[in-house]
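The values are calculated or read from the model by the stated rules, or taken from the named source; none is laboratory data. As the structure is a computational prediction, the values presented were derived from the model and not from experiment. As a convention, Cβ positions derive from the backbone with ideal geometry for all residues, glycine included, and neighbour counts pool all protein chains shown. Remember, those area values only see protein heavy atoms, side chains included, never the ligands or the DNA or RNA. Shrake-Rupley method; radii C 1.70, N 1.55, O 1.52, S 1.80 Å.
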Amino acid sequence: HPIENELKDPTQMKLIVRTSITLCSSVYLATSFFGFLLFGDHTLDDVLANFDGDLGIPYGSLLNDVVRVSYGIHLMLVFPLVFFSLRLNLDGLLYPYAIPIAFDNRRFFSVTTALMGFIFLGANFVPSIWMLSSLLVPQLRSLWVSFFQLPSRLGTLTESQQRMTS
C-alpha cells in the first residue's frame, strides 16, 4: 500500500486506518446531525441541495456561501488522493508486468490524460448520478452473477468450488 510504504513503522497502519475512519465517520455524523437540526423534516437526501435556496435565517446567504466554498475546498483536497489510487490501480490492471508508472512518463501522462478526460466528460454530460446508477446497476448485477458462473462454464473450478457445486 502506498501509505504503508511511506511509514517508518508499518505496524502503525492499523492505527492510521482506524483514526481516519473515525474522523470521516465523525464528519459525516456531524453533517447529518446539523443538517437535520437546520432543515428538520425538510432535509433532502443530498444535504448540499438544501443550501440552494433561502434558508430563512439571519445570515443565511453567508452560510450558503460558506458551505459551498468549504465543499469546493474539500473536493480540491480530496480529489488528488482518490485520483492517485485510481491511476495506480488502473495502471496495474492495464499493465501488470510493466515498470512502475512513476518511472514511465509517457504511460503516466497517457493514463492521467485518459482518466481526466473520462472524468471531465462524465461530470459534464451525466445529468445525475442517480440516473446513471439506475441504468447501470441492473446490468452490473447480471455481469457480477455471470462472473461467478464463468469458472463452472469453462470447467476451471478448483477442488473446493467443485465440492460446493456438487
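For region 118-137, the set of residues classified as under 21 Å from ASP45 (Cβ atoms) and either part of a helix (DSSP H, G or I) or open to solvent by 80 Å² or more (accessible area, probe 1.4 Å) (or both) consists of GLY122, ALA123, PRO127, ILE129, TRP130, MET131, LEU132, SER133, SER134, LEU135, LEU136, VAL137, listed by residue number.
Would you check if there is a residue in region 1-19 being closer than 20 Å to VAL66 by Cβ and open to solvent by 100 Å² or more (accessible area, probe 1.4 Å)? Among the residues of region 1-19, not one is closer than 20 Å to VAL66 by Cβ and open to solvent by 100 Å² or more (accessible area, probe 1.4 Å), which makes the answer no.
Whether any residue in region 57-78 is in contact (Cβ under 8 Å) with a residue 24 or more places away in the chain and exposed (fewer than 12 other Cβ atoms within 10 Å of the Cβ) is what I want to check. So far as region 57-78 goes, no, none of its residues is in contact (Cβ under 8 Å) with a residue 24 or more places away in the chain and exposed (fewer than 12 other Cβ atoms within 10 Å of the Cβ).
The conditions of being surrounded by fewer than 10 Cβ atoms within 10 Å (Cβ to Cβ) and assigned to a loop (DSSP other than H, G, I, E, B) are not met by GLY40. Taking region 99-117 as the region of interest, how many residues are within 30 Å of ALA49 (Cα to Cα) and part of a loop (DSSP other than H, G, I, E, B)? So the count comes out to 0.
The combined condition, being of a type in the set (Lys, Arg), under 28 Å from PHE120 (Cβ atoms) and open to solvent by less than 70 Å² (accessible area, probe 1.4 Å), is fulfilled by ARG87.
For region 100-117, filtering for residues that are open to solvent by 60 Å² or more (accessible area, probe 1.4 Å) and at pLDDT below 90 leaves 3.
Taken as a whole, the condition of being open to solvent by 70 Å² or more (accessible area, probe 1.4 Å) and either free of Cβ contacts under 8 Å to residues at least 24 places away in the same chain or assigned to a helix (DSSP H, G or I) (or both) applies to LEU29.
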